[in-house]
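The values are calculated or read from the model by the stated rules, or taken from the named source; none is laboratory data. Note that the coordinates shown come from a computational prediction; the quantities given were computed from them, not determined experimentally. Note: ideal-geometry Cβ built from the backbone for every residue, glycine included; neighbour counts use all protein chains shown.
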Amino acid sequence: MTYCCGVLVRTGLVMIADTRTNAGLDNISTFRKLHIFEEPGHYVIGIASAGNLSVSQSVISLLHEGVEDHEAGERQMLRDSRTMFQAAQLVGRAIRQVHSFDGGALEQSNVNFDVSFLLGGQIAGGPLRLFMVYSAGNFIECTTDTPFLQIGEHKYGKPVLDRAVSYDMDISDALKSSLISMDSTMRSNLGVGLPIDVLVLCPDALEAELRYRIEPGEPYFHDLRERWSAALRAAHAAIPRPPYLKTAVERKNG
């Protein structure tokens, strides 16, 4: 299991991904799930993956080595994309190509072909964009109405983003909200855990503003977790008790 999210606001793009993967309580490993393709001044693209690790690694390898284009008789790599839309199309083609190679064997072994990707970034001449690509190779794009996308174990972290994130917020607040969303997920699912990889992109910079790995014991993330827990407890204590419960108790005792 994993959790990845991308938040696209007016002042930039945040992408975060955990690194935990496991095949049982006694077999926990760490694998990078946030990959960066970058040529400063020309393009910067982040790809986060969730699902079957062997499938996602095969797709990433194809994007590096080239996806077969049978009509053109050549291989196309992610760096060849002229727009982010074309990049999303290429990721979809890579997924379908891996499925054509491995899908049958996985099905015979009762293994689901389960994979999804977040694709975010900017190519010179175009805007920052964020897409979610499904296991069938189709995709959707992030909008200003709902400026975030999630893959993996997303249900625990979604309420934080629903309440906190808006397109007009500052990029630093977008990063903070993303980390709180990750912490909420980690609290509720042991399949998601540290280290956490972080990528921050700013419009028209065409290179990573921040690429960072949060390791266990990292001071800021530890402080963020403690402050968020304390804030929730304080908010809970400050809310008045439900009046209908008091009425029910009085009625029972009366």
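Looking only at region 176-196, count every residue that is farther than 17 Å from H222 by Cβ, in contact (Cβ under 8 Å) with a residue 60 or more places away in the chain and of a type in the set (S, T, Y) and tell me the total.
Total satisfying the criteria: 1.
Please state which of the following conditions L13 fails to meet, knowing it meets all the rest: (1) closer than 17 Å to R93 by Cα; (2) crowded, with 21+ Cβ neighbours inside 10 Å.
(1) is the only condition that L13 fails.
Can D173 be described as modelled with pLDDT of 95 or more, of a type outside the set (S, T, N, Q) and exposed (fewer than 15 other Cβ atoms within 10 Å of the Cβ)?
It is false that D173 is modelled with pLDDT of 95 or more, of a type outside the set (S, T, N, Q) and exposed (fewer than 15 other Cβ atoms within 10 Å of the Cβ).
Let me spell it out: the conditions are (1) β-branched (V, I, T); (2) assigned to a helix (DSSP H, G or I); (3) out of contact with any helix residue (DSSP H, G or I) (no Cβ under 6 Å at 6 or more places or on another chain), and I151 meets all of them except one. Which number is the exception?
So I151 meets the others, but not (2).
In this structure, is S229 within 13 Å of V7 (Cβ to Cβ) and without any contact (Cβ under 8 Å) to a residue 12 or more places away in the chain?
So S229 fails the test.
Where in region 1-99 are there strands (runs of 3 or more DSSP E), lying wholly inside it, with at least 1 residues that are touching a residue at least 24 places away in the same chain (Cβ under 8 Å) and out of contact with any Cys (no Cβ under 6 Å at 6 or more places or on another chain)?
3-9, 12-18, 20-22, 28-30, 34-39, 43-51, 67-69
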